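A.B. asks: Have a look at this one before I ask anything.
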């Protein structure tokens, strides 16, 4: 039974690609936002839920991980790309939700054969500098990362970077911008994340983890 006197839980969810797939899963686990959440003209970042002891915050994916890792939110949903990029010690990802599938890949201009040559240094446009550096270091290449938060596909044609590292789903956007995928760094899916301290001290967090885990187990068994 929920203790209404307990501090309110904050559940962080990402704007963008994962959200539409996450909402039905959340609803089955008992996390349902207030009606105003679905109003596209509503610019609020914080929303009530059907649970009096829980609110939602809707923020950028990278910020979901930051809020949960630092305990400002106790639980959240985010792509595994974000988890791998930041590697926060206080972040625990106990459940793969099996939604939001895509991949983190390297791409370059189609026909740029010199990109296949042996190089020791390469400029790469990405919003994942840590994952990018680790990937190229394993190949013996020092990656100079140019941080972009969008329009990554423009970087090679405008001379900003020779290659890019970005999320790829169908590959259509790459093709439309004259790029080809060359390396797959990481397969990605959305994960339930929790703050480690909150998991140990607040039984409601553990109950939510169990609810989401059961959903994924039931889906796998179906």
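A.B. asks: Six or more apart or on different chains, Cβ under 6 Å: which pairs go from a residue in the range 139-160 that's free of Cβ contacts under 8 Å to residues at least 24 places away in the same chain to one that's crowded, with 17+ Cβ neighbours inside 10 Å and part of a strand (DSSP E or B)? Could you list them?
C.D. replies: From residues that are free of Cβ contacts under 8 Å to residues at least 24 places away in the same chain, the pairs are 141/122; 143/122; 143/124; 145/124; 145/126; 146/125; 148/125.
A.B. asks: Among the residues that make up the range 95-113, is at least one of them in contact with a helix residue (DSSP H, G or I) (Cβ under 7 Å, 6 or more places away or on another chain), without any contact (Cβ under 8 Å) to a residue 60 or more places away in the chain, assigned to a strand (DSSP E or B) and buried (at least 19 other Cβ atoms within 10 Å of the Cβ)?
C.D. replies: No, the range 95-113 contains no residue that is in contact with a helix residue (DSSP H, G or I) (Cβ under 7 Å, 6 or more places away or on another chain), without any contact (Cβ under 8 Å) to a residue 60 or more places away in the chain, assigned to a strand (DSSP E or B) and buried (at least 19 other Cβ atoms within 10 Å of the Cβ).
A.B. asks: Let me ask you something else. For residue 210, state whether it is at pLDDT 90 or above, closer than 30 Å to residue 76 by Cβ and assigned to a helix (DSSP H, G or I).
C.D. replies: yes
A.B. asks: Right, another one. Name the residue, out of 35, 20, 3, that is at pLDDT below 95, closer than 22 Å to residue 201 by Cβ, surrounded by fewer than 20 Cβ atoms within 10 Å (Cβ to Cβ) and not assigned by TED's automatic domain parsing to the domain that holds residue 134.
C.D. replies: The match here is 3.
A.B. asks: Looking at the range 83-94, which of the residues that are closer than 21 Å to residue 168 by Cβ and without any contact (Cβ under 8 Å) to a residue 60 or more places away in the chain is surrounded by the most Cβ atoms within 10 Å (Cβ to Cβ)?
C.D. replies: Step by step, filter the range 83-94, then rank; the result is 85.
A.B. asks: Looking only at the range 102-113, decide whether some residue is modelled with pLDDT of 95 or more, out of contact with any strand residue (DSSP E or B) (no Cβ under 6 Å at 6 or more places or on another chain) and farther than 22 Å from residue 200 by Cα.
C.D. replies: Scanning the range 102-113 turns up no residue that is modelled with pLDDT of 95 or more, out of contact with any strand residue (DSSP E or B) (no Cβ under 6 Å at 6 or more places or on another chain) and farther than 22 Å from residue 200 by Cα.
A.B. asks: Okay, moving on. How many residues does the range 45-79 hold that are loosely packed, with under 13 Cβ neighbours inside 10 Å and farther than 26 Å from residue 188 by Cα?
C.D. replies: 3
A.B. asks: A further question on this structure: Could you give every pair whose Cβ atoms fall below 7 Å, whose first residue belongs to the range 164-183 and is in contact (Cβ under 8 Å) with a residue 40 or more places away in the chain and at positive phi, and whose second residue is surrounded by 15 or more Cβ atoms within 10 Å (Cβ to Cβ) and assigned to a strand (DSSP E or B), counting only separations of at least 6 or pairs across chains?
C.D. replies: 178/109
The values are calculated or read from the model by the stated rules, or taken from the named source; none is laboratory data. Computed from a prediction, not measured in an experiment: that's the story for all the values here. For neighbour counting, all protein chains shown are included, and Cβ atoms are generated from backbone atoms with ideal geometry for every residue, glycine included.
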